[in-house]
1. Given the criteria surrounded by fewer than 17 Cβ atoms within 10 Å (Cβ to Cβ), outside the structural domain of residue 192 (by TED's automatic domain parsing), modelled with pLDDT of 85 or more and part of a loop (DSSP other than H, G, I, E, B), does residue 40 qualify?
2. Among the listed residues 69, 87, which satisfies the condition of being assigned to a strand (DSSP E or B), under 15 Å from the mean Cα position of the chain (by Cα) and not assigned by TED's automatic domain parsing to the domain that holds residue 201?
3. Applying the selection to segment 168-205, what residues are crowded, with 20+ Cβ neighbours inside 10 Å and touching a strand residue (DSSP E or B) at 6+ places or on another chain (Cβ under 8 Å)?
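The values are calculated or read from the model by the stated rules, or taken from the named source; none is laboratory data. It should be emphasised that the depicted structure is a prediction, and the values quoted were computed from it without experimental measurement. Because the Cβ atoms are built from the backbone with ideal geometry, glycine has one as well, and the counts that use them run over all protein chains shown.
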């Protein structure tokens, strides 16, 4: 989301040449107002070679806060290629009065937190992170992802829906009530686009099993697009942005 917003802000600037890089995990990504490169680089060494070959002066890591490998490769590649690096990391959500959060380190911890008694569960983790829940087939799952989950989760009871945020709180509440959801499993993605389910859970008194954010490389970082633009204004005339 931030990568798109930053691209939109920078697209018309004559002093910047911007390339947006997508990992290629989404078959139908949103449109962008700048040239887009799709696909991996071959790890940090491949990314470093790309930065050198293209004459990139600034690398902005604007990927998802749970994309640990991409952020690690960006940090290593920037150091290897002697390129300035900025991480655009949106702030995480914090519990509000009435929230019933159970924090876990990863999806396997969330499976354990669900317990043995069958429950109706909304999985809002993305299709790449749900495989551990095959180890808890006693639950009934509502799985939401941007793209279809293929192959389906190996459990007897699962319903799949697709959608791309933003999701309004009222719509999220209606979804939870329609499917009689008893607990939500989510990542602490931050930002307003997917916060509706958290607010809806609070209103309904539902628990949320929240995967904690992973540790990311210690680099220059800002939390907003405005701050990223200000940071770039003090740098060179070429920018490459990593985003998914």
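1. Numbers: surrounded by fewer than 17 Cβ atoms within 10 Å (Cβ to Cβ): yes; outside the structural domain of residue 192 (by TED's automatic domain parsing): yes; modelled with pLDDT of 85 or more: yes; part of a loop (DSSP other than H, G, I, E, B): yes.
So residue 40 fits the description; yes.
2. Values: 69 fails: assigned to a strand (DSSP E or B).
That would be 87, the only listed residue that is assigned to a strand (DSSP E or B), under 15 Å from the mean Cα position of the chain (by Cα) and not assigned by TED's automatic domain parsing to the domain that holds residue 201.
3. 176, 181, 183, 184, 185, 186, 187, 194, 197, 198, 201
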